[in-house]
Structures are given as structure tokens and as C-alpha cells.
1. Can you tell me which residue among D:Ile84, D:Ile125, D:Ile101, D:Ile75 is within 22 Å of C:Ile75 (Cβ to Cβ), part of a strand (DSSP E or B) and either at pLDDT 95 or above or facing chain C (nearest Cβ under 7 Å) (or both)?
2. Could you list, in sequence order, the residues of the stretch A:130-163 that are of a type outside the set (D, E, K, R), in contact (Cβ under 8 Å) with a residue 40 or more places away in the chain and open to solvent by 70 Å² or more (accessible area, probe 1.4 Å)?
3. Answer yes or no as to whether D:Arg366 is basic (Lys, Arg) and within 18 Å of the chain's Cα centre (by Cα).
4. Report whether or not C:Tyr373 is open to solvent by 20 Å² or more (accessible area, probe 1.4 Å), within 14 Å of chain B (Cβ to nearest Cβ) and away from ligand 10 (no atom under 16 Å from the Cβ).
5. Filter the stretch B:75-96 down to the residues that are at pLDDT 95 or above and more than 9 Å from every other protein chain (Cβ to nearest Cβ), then identify the one that is farthest from ligand 5 (Cβ to nearest atom).
6. Can you tell me which residue among B:Leu22, B:Leu50 is at pLDDT 95 or above and open to solvent by less than 30 Å² (accessible area, probe 1.4 Å)?
7. Select from the stretch D:192-237 the residues that are within 8 Å of another protein chain (Cβ to nearest Cβ), assigned to a loop (DSSP other than H, G, I, E, B) and open to solvent by less than 10 Å² (accessible area, probe 1.4 Å) and list them in ascending order.
8. Which of the numbered conditions does C:Glu184 fail, given that it passes all the others? Conditions: (1) touching a residue at least 24 places away in the same chain (Cβ under 8 Å); (2) in a loop (DSSP other than H, G, I, E, B).
Amino acid sequence: ADNIKTEGGTLLTQSEIDNWKLTIYPDGINLPEGSGNAIQGEKIYNMKCLACHGAAGQNGTGPRLVGKQGFIDEKKDVLEAMSVGAWPYATSIYDYIRRAMPHYAPKSLSNNDVYALTAYILYLNGITNKTMNLDKESLSKVEMPNKKIVINAWLKEQKDNGK
Amino acid sequence: ADNIKTEGGTLLTQSEIDNWKLTIYPDGINLPEGSGNAIQGEKIYNMKCLACHGAAGQNGTGPRLVGKQGFIDEKKDVLEAMSVGAWPYATSIYDYIRRAMPHYAPKSLSNNDVYALTAYILYLNGITNKTMNLDKESLSKVEMPNKKIVINAWLKEQKDNGK
Amino acid sequence: ASFVTVMAASPILSATEAKAKPSYPNHMKIPGAPSSNYGLPSQYETAVKRTNESFYKSGIFTGAHTPLDRLNGTITPSGLHFSIHHNGIPDINPAAHEFLIHGFVNKPMKWSIETLLNYPIVSRIQFLECSGNSAANAVSSDPVDASCTSIHGQVSCSEWAGIPLKYLLDEVGVNPKGKWAMCEGADAGNHVRNVPLEKLYDDAIIALYQNGERIRPDQGYPMRLFVPGYEGNMNVKWLHRMEITDQPSQSKDEQSLYAEFTSDKKLNQFTFFMEVKSIITKPSGTQQLPDKGLYEIAGLAWSGRGRIEKVEVSADSGKTWVAAHLEGPVMSKSFTRFTIPWRWNGQGTILMSRATDEFGNVQPSRDEWKSRYEDFTFNHYNAINAWLVNPDGGVKNVYV
Amino acid sequence: ASFVTVMAASPILSATEAKAKPSYPNHMKIPGAPSSNYGLPSQYETAVKRTNESFYKSGIFTGAHTPLDRLNGTITPSGLHFSIHHNGIPDINPAAHEFLIHGFVNKPMKWSIETLLNYPIVSRIQFLECSGNSAANAVSSDPVDASCTSIHGQVSCSEWAGIPLKYLLDEVGVNPKGKWAMCEGADAGNHVRNVPLEKLYDDAIIALYQNGERIRPDQGYPMRLFVPGYEGNMNVKWLHRMEITDQPSQSKDEQSLYAEFTSDKKLNQFTFFMEVKSIITKPSGTQQLPDKGLYEIAGLAWSGRGRIEKVEVSADSGKTWVAAHLEGPVMSKSFTRFTIPWRWNGQGTILMSRATDEFGNVQPSRDEWKSRYEDFTFNHYNAINAWLVNPDGGVKNVYV
Ligand code: HEC
Ligand code: HEC
Ligand SMILES: [Ca+2]
Ligand SMILES: [Ca+2]
Ligand SMILES: [Ca+2]
Ligand SMILES: [Ca+2]
Ligand SMILES: [Ca+2]
Ligand SMILES: [Ca+2]
Ligand SMILES: [Co+2]
Ligand SMILES: [Co+2]
């Protein structure tokens, strides 16, 4: 039945598509207007994030937001093996905070707030400095330490198999 | 894995086996002591069965107990297509009443009562007369009209297939 | 209701919400619920239920139909398996349940459920059909205007897992005189069916699991007999006893309810096999096609004798027949799903399916089936079923 | 609890009841209950539940394990399917749900659920495994003393039915620049995974039905992505949008949680396949063999690459290996049940299973698996698992 051609879809309008610029890509596509830095971010963080993620991103009930890879204690909690500091792409931090955080009220933050919080987390990880302004131009240029070691294993396997 | 020989069963004692002489066979095996006739049966029937099966086995909410085969009205209720009168084996009437009737209180009847009720139902169907005493000797000798036309279709197919 | 209809009323999302600011439904803004210990279908699917019946207004002899026309796939969810119980569903504590084999055996024996759960267990996906399924089409002079569920819903398919009977029979040691097994349930009516030993040695099992978990009360918890391909009534639920004998005991259900009166005036007892059959479930009776256009005709086929070999479908009232796609794996005595794309041009037509099994058995026409039996006979109805599609898209049960 | 234990306390039937008069339990004397509209397991099986977890004490990021060691067969009852949801289970009214495909396509489009339910539907029985299943055995230096359910319960198998993605991709017309699909869920965190288009054209479906009925809320109602053989997290639940792109969007779960740090200090992203694996479910950790004697070793094997070719079992701590019986039908990317009879002589021993798939992939030893990764890596653990049977019959998780 490979010759089946379905026909039930409805064309999307441009404004419907525009509603869904939610996903940020590593080259910065879909990053919104606005900006923020770590100084601003720290204030918002302490108000809206610290309760779960702990002061300066550590020792909360939620995941640690600082540090790179490896277990942090004898418990070997697999969820805690890697933190945001080990992420290869800085744009993913913006994307994830905006869509999913704070955990109890996702999509409640302004675009500026998300820039500021991303800046603060990058600062906590020693990747950017405290006064650096993040916006749609600068964020995708932030180099994460693990960017250098990242491998797209699926593409690699495709190539190894001669595809 | 056809060479598996299981070994977890426990031997049954004779008294455990004796507890289960519930099933009557057409040659009368397992029919208990006791007896009853239609005159006795009619009284018990009117007390314990009539409410569901109707006066003289007809027009109740439960199945009709009289008549042979075919639909009795335009409704074509498939459950009502055949009645006890169409059963090929009289022993099955005893067996079934004892294990399952009255519907709300199965196994509440005495062995004598079941003989009497069986006799009454056979009498209603014109198979035996009203004073005939049924017991473990006589019941298996009652010939049902449909006995003559009955076929064991499974055995027949086995034979047709040369088994 | 349309062909396949979403259950709930449509809460229209405000189309006039500000364009600049993205708009998200509430479930994207408020965290959802955690998993429950034992999950259930969506609240929007509560209409997908078994339709329950009470026979003779008894409240004791009851049944429930699988909503075939709301399902898709070969596995029937256990909660929607059809059921018919003549004396209600007993509440059996497995710790008090024993299974006995006695009669023509060397060592009469019993087993606890705990012992049986540690025995070797086989599993297969197989259908179970009531002998009286589709009876309305067998006996109504005028075709009933009813759904696929209502007419054909006494058939289901599950993964049944349990102990091959042959292990237990070998353990007790059957005496050469043994030919039949009187199989008795532990329900209030102690339902009995007599099964030839050949079948028990062949592929019958003591089913302990259904679709992965322990079988449910309405399917015989803590254990049932499962005789693949045989009429539903023989798969004795709440099985507690087998007496090995040289003859069938002639149980109540073997006298008339599950016997067939033939056109040459014979009464056929012990008609066990559910013969080759198929049903188009989509589209089917009482459904409504929303508009002309592309559809998929889908349905189920099965044979109590073995595997389905082919299913042919006609979308032009029987003039032409085309082989449908059989969705694998095609398993013996199991549901086989068949599908075929269909472009409906908006005109009235009749849809039919005709299955053939691996032994060449083909579904008969209704007339052919009727010619074999007296008019009041209704069991083992496996004739070709037909759905009329009206120009307005309504689908109706018809005879051809 | 013993190996397989009947749940309820045993009400001893009075053995001293009068011999002459037969004695029947109450359920043979009082009619039982009618069927319910939607059935549930026996009240004596309420201990067979999913074990629920809440991660980070959040109550939002939660999960539930399939009780593998209480089940038997290849189908997981939908109510006991494992689940992990990072942002809870959204309550989605299907009438308000739309599925969008846009990005590098000729005609960006959307579909209602009602439209999709009338599309061509395929069905197959396939497993779903969380990438992090069995993580405890990957990272604990000392083997945890836990059950099969607790260690390995993030894998289940269902009949999934839905629409091949290729139909929808052909309908929108994918632009040659399109290489990946950004797949987004409609949950509170709008979970995203990026899937190569090759997979979507190959065997991915929009799953609408699970085990015959509409998929349940915790499995993505009203629809989910199903990518056979790929890690669970990619089978985006509550799917509402695909953006066709030339690159993965690098979602949160692709950054670290579902990526593996290798021993040569690389971070492997987009490791999709759940590799060949097997687990002995019976007997298994924390179970108790009642006594020496005959048992059946039973378990499940699967491979995200294709079919299971063989499963070898060792009952003597790895000295000898014997091919187990594979219960058919052996299906691609599906659970294959394996069994082998075993006589336990009452001495301590270790039971192990080792599966091979149709491409010759074999389960590695734990040491071999560990040698590939940094010590803190835990995803895609498919090493040979081992259960120690102690002389007292107790069964324990061990490393060999
Ligand atoms: C109520 C608790 C809670 C609050 C408040 C909260 N978070 Fe979270 N956060 C979590 C949990 C739990 C996770 C793990 C979610 C998951 O993996 O699905 C998480 C994950 C994250 C992650 C990803 C960590 C990783 O390694 O995957 C980031 C980044 C983050 N939160 C940032 C924030 C920011 C910024 C705020 C404030 C605006 C915030 N969170 C507020 C509970 C919270
Ligand atoms: C509360 C209602 C009720 C009462 C009281 C009752 N019955 Fe029944 N009886 C039924 C129903 C309902 C059936 C059908 C059961 C079935 O097919 O599973 C039935 C079936 C039968 C049948 C088999 C009919 C057939 O064609 O299969 C016989 C014989 C019978 N009853 C005899 C009796 C006798 C004798 C009594 C009294 C001692 C009795 N019944 C009391 C409801 C009742
Ligand atoms: Ca983490
Ligand atoms: Ca009748
Ligand atoms: Ca029959
Ligand atoms: Ca029209
Ligand atoms: Ca992975
Ligand atoms: Ca011992
Ligand atoms: Co039936
Ligand atoms: Co996972």
C-alpha cells in the first residue's frame, strides 16, 4: 500500500506558524528580541529558581546547575552525573528555561528574563563574565567547553556504514 | 521441551474425590440415592421455580421448560429456540437442576427434590406420566425424543478424516 | 456519530488572541499529573465500553460485548474482552482454589495455584469467540440495523499464557480408557463442558495470564481452560476439576444451547471449531462517513482451524473482489488484521470481506450457510457479512 | 514472598466437614457478579502495580516501572506500561488537539485527531525501553539488592497502531534540505527530540492505539510518536508539532541526560538504538524459590535493531550455556519470550541470559560494557545480567 496519497491536512497560515517559534536552534534561529545579563539574572534566579536549584545553582532538591561531568558524591545519582555546565550548546539553555522553567509555571518568564537567567547560569559555570549582555546575536556565539568533544553518534554510524 | 516431566501435584484422597460426584453421566453414573415423581415435583416447582419459569414451564421471564425445537414467536429469541424438551439426555436435566437451580441458590435442593423436579419437567413435556417414580435406576432409561437424531459431530469429523 | 469521532465537545480556542504574543493551551503552562499505580484510558474515551447484557432479565446470566468498531489492532484490551457468564463472576480467593484431575488416571492429583504458577508456561496470541456470535445475522429475517459491536462483539483476541495440559495429564498418567475430559468450573452453576483428550494433548492450556497479567475474574481468575479455536463456551472459566472419562457427561450447554439443528433434522452436538470468518470493523454499521474521499477499509479475520491465508474485499456490492493487505504476523487461531485503501465517490455501495484459511476453507454466503441449518439455528455463524454505505455516508448492516 | 506467590492469605477449608454430604465453597452456592463496563484485575492481584517514582522530589518529573517479575507474556498490560514524564501527564481534550508539520516543506499543514483516526493505520507489537533502564547495574559499584522490576522495569511491549509518518511527510512534501524533524510534545515542558527523517520514512508511526484501544494519557493521548527500537525518550508523547529542519535543535534531553560520555572522553549524542538485551524475569531478584526441584527459567529478550536470533542461558555461573526455547512469533524490535526447564539441586548458583540479534550483535559482559564509557555513564546499558540463587532459595542481583 505504498501508493497511498493522503489528503486530509489543512494548510497552515503564516500566523499559526509564527505562534510556534518556541524552539531555538544552535545557530540562533528563533531567538527572540531582548537581552539580559547575569546581574539581572541573579536577582530573578534568587526569586524564582533558588528554592529548587539552591543558592548559586548547587545543593537544591532540583538538579545542580553548576559543574561539568561526573558524580558529585557517593550516591551516584545518575540524574546528577552531568549538569548544564556540561551541555555542548548554550542556546539549549535558553530554549529549555523558556519552555519548561520554573517547573511549576513553564512559559511564565519574559524573553528578557530568560536571557538574564541564561547569562547567570553561564556565569556560574565560569563560561561568561557577570556583565556580559546576552541577546540573539551573542548567545549562539557562546562556546561551551563540551562543544569540542561532542559527537553525533547517529551521523557517525551512518557514515561508518557508507551512507 | 517435550521431555519435561512435572512433579508438583499432590495425590487426591478417596474422600476428596467422593466430594465431587456432582456430574451425572448419561448411563446414570453418579446419580444419587433417592427418588421423586411429578406430583411431588409440581409442588416444589410452584414454590421454587414458577416465579421465573412460569406456570407449567411456560411464559416466565426465564427459559421455557416445555416444547421442542423452533422459535415460539416472531421475536426469534435465539436462547428460546430449544427447550429442555429438545434435550437428548434426561440425566442432563437432573445434573443441571442439581448444580445450577434455582438460579439464585444453586445446590440448595435435596436429591429427592431434584428427582421430583426432573420428573415434573419430563411429565410437562409428555415424556413420562405423572406418577412415574424417578430414581438412579429409572432416570437413565428415560428416552428423550431427540436422542434418535443426535450426532456427535466431532467424532463424525474424526471418522470422516480417517482417525 | 461520524465514522471515527472524537468523543468530547470541541472547546474552540480563541482565534482572536493577540498575534504577537504566542498563545499556549493551559496544559502547556501547568504541569500535569503523575502516573497512577494502575493506568486507565483517557476521560475522553469513557464511551469506549463493553455493552453489557442481562439475559432473561436475570442479572445473573450476563454478558458484555467487545466494542470492535472503536478498537484498532489484534489485541483486545483485557478490560474490554467480551464475556458471557451463566452464573455470574465468582469471587475466588486463589489461596483456596485447587485444581483436580481424577477419573481414568493412574494417580488422581490436585495442584495449588502457587504450584501451577511455577510450572512451565507457554504463551500465544489467540482469539476467543462465542459460538453464538453474529447470531442476529443468522436468524433475523430482516437485517438488524445495529453496530458491528452489537452484532459481532462476542469475539476478542489476547495473549494467553499458561500450562500445556499435556504436562498435567502426563503427571497423573491417563489410563488408555480415557477419551474425554469433563471440565468443570468453580462458578455457582459449576459450568461443565466435555473436551476430547486429543485436544488437551494438542494445544490446550490452563490459562493463568492474559495479555501479560494474571487473568481477570470475568475471564476465569484464578485459572481457565483455553482450547484454541474452539467455541468460547468450552474454554471453561474458574476451572477447578477435570474428570477423565470414556464418554462426554452431556452437560446442559451440550444439550441444545451450543448444539445445532441441521436442515436434514439432525441435532449436531460437539461442534467445536469456530470456522473461518472476517468482519469489516471500519467502516461498519451505524458509523457515518464524513464525506467522500480516501478511506481505509480495515477489519479482522480468524479461523479456529489455523492461519488466515487471504482476505478478499469487495467495495462494489460483490462485483469485484481484491485481496486485502494482511498485517503480520499472521498467527494460527488468532486475529489477523486486514486493510485496504478505498476511495469513496459518494455513491451508495456495499462493502464485504471474505476470508480463506490455510486449509482452503472459505466463508460461505449467507444463503449457503442458512441452507445447512434449520431456520432457528444460530451458532457458528460465519457467513460473509455486508455493510451498505448510503449516499449520505451512513453505514448499515445488510444481507446480499 | 516466594518465587511466585499467591497474594492472599489462605482461608483453610474445613477438612472435618461431614464426609457424606458434599461440601462446596460459597462461590459455588451464591451467584456471582455481572461484568463491568471496563474490567480490572482481581482484588487478589492489587499488589501487581507499577512502582511509582518522583524525581528530585518534584512530584512533576515522575515515572512508573512495569512489574516485570509479576507478569508473563510479551504484551505489557497498558495499565502497567512503564512511564517517565518530565512535566507530568497533560490532560488533553482531543477535540482541541492539532498536529502540525512545517519547516522545510512545500505545504505546511495541520490535522485534527478526527481526520487522523480515518487515515490508514498499521499495527505492530514492539517494545519501548527507556535509555536509562537498568542504570543501577551500570553505575553501582556494588550490585543493588533489588527486584527485576526495580532494576529493569523501564521496558514494556505493546501492540502499537497508527499512521506511518511517510504518509504525512508525503502529504506536506518535504523539501530536499530537510534532514531532521524537531518533534515537540504538548506537555507543560513541550518535550523535544530531534529525529532523522530517514527513521520517519522507514518505520515510525503516529501512534493512536495501544493494545487495541486509544493510547492512554500516560502514553501520549491523544497521539505519540513511535520510533521502533529507539530509546524511549524519543517517542515523543502528546506530539503536536514537527518542524522539518536541516539540523537537530539540540534539545535539553539531547545535551546530557540522554547522551553518553565515553571512556575516550567524548560526549556521544544521538545514540538512538536500544541494543540487544535480555533479562531473566523468573526467577529474579528478591524472589524466593520454595524448594529444590523442577523450575522453568523464563525471560524476555529484545533488540532495537531487529529480531532476536538466539538466547543462551547459563545455570552454572557461566561455565556452560544452553540455547533457550524462543516462544514465537519472533518479531522485529519486539519482546521475545524465552524459556528453559531447570532442575535446581538446592545449591548456590548463578543464572544468566545472553541474547544475540539477527545481525549478530551479542550482549557484552558488564566489564566490556563499562570499558566503553566513563564510570558515570548509565544509558543504553545492555550487559549480561546475573541472578545469584542462594542455597536458601533467595535470588539476588550480582555482577560476574
Ligand atoms: C519547583 C522546582 C523548580 C523551580 C522553581 C525551578 N526548577 Fe529548574 N528544574 C527543576 C527540576 C525538577 C528539573 C529537572 C527537570 C527534568 O530533567 O525534566 C529542572 C531542570 C532545570 C534545568 C536543566 C538542568 C539539567 O541538567 O537538565 C535548568 C537549566 C533549570 N531547571 C533552570 C531553572 C531556572 C532558571 C529556574 C527559575 C526560573 C528554575 N529552573 C526553577 C525544578 C525547578
Ligand atoms: C431466579 C430465576 C430462576 C429460578 C427461581 C429458577 N430458574 Fe431455572 N433458569 C433460570 C435461568 C435464567 C435459566 C437459564 C440459565 C442459563 O442458560 O445459563 C434457567 C435454566 C433452567 C433450566 C435449563 C433450561 C434450558 O433450556 O437450558 C432448567 C431445566 C431449569 N432452569 C429448571 C429450574 C428449576 C427446576 C427451578 C426450581 C428449582 C428453577 N429452574 C428455578 C432462572 C431461574
Ligand atoms: Ca543533570
Ligand atoms: Ca433454551
Ligand atoms: Ca457448538
Ligand atoms: Ca455524499
Ligand atoms: Ca541516547
Ligand atoms: Ca535448600
Ligand atoms: Co457462546
Ligand atoms: Co529514558
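1. On the way: D:Ile84 fails: within 22 Å of C:Ile75 (Cβ to Cβ); D:Ile101 fails: within 22 Å of C:Ile75 (Cβ to Cβ); D:Ile75 fails: part of a strand (DSSP E or B).
Result: D:Ile125 is the single residue among D:Ile84, D:Ile125, D:Ile101, D:Ile75 that is within 22 Å of C:Ile75 (Cβ to Cβ), part of a strand (DSSP E or B) and either at pLDDT 95 or above or facing chain C (nearest Cβ under 7 Å) (or both).
2. Result: A:Thr131, A:Asn133.
3. Numbers: basic (Lys, Arg): yes; within 18 Å of the chain's Cα centre (by Cα): no.
For D:Arg366, the condition - basic (Lys, Arg) and within 18 Å of the chain's Cα centre (by Cα) - is not met.
4. The answer is yes for C:Tyr373.
5. This residue is B:Tyr94.
6. Numbers: B:Leu50 fails: open to solvent by less than 30 Å² (accessible area, probe 1.4 Å).
Answer to the check: B:Leu22.
7. Answer for the stretch D:192-237, where residues must be within 8 Å of another protein chain (Cβ to nearest Cβ), assigned to a loop (DSSP other than H, G, I, E, B) and open to solvent by less than 10 Å² (accessible area, probe 1.4 Å): D:Asn211, D:Gly212, D:Tyr221, D:Pro222.
8. (2)
The values are calculated or read from the model by the stated rules, or taken from the named source; none is laboratory data. Not measured: the values here are computed from a predicted model. Ideal geometry is used to build each Cβ from the backbone, glycine not excepted, and the neighbour counts take in all protein chains shown. These area figures cover heavy atoms from the full protein model, side chains too; ligands, DNA and RNA do not enter into them. Shrake-Rupley method; radii C 1.70, N 1.55, O 1.52, S 1.80 Å.
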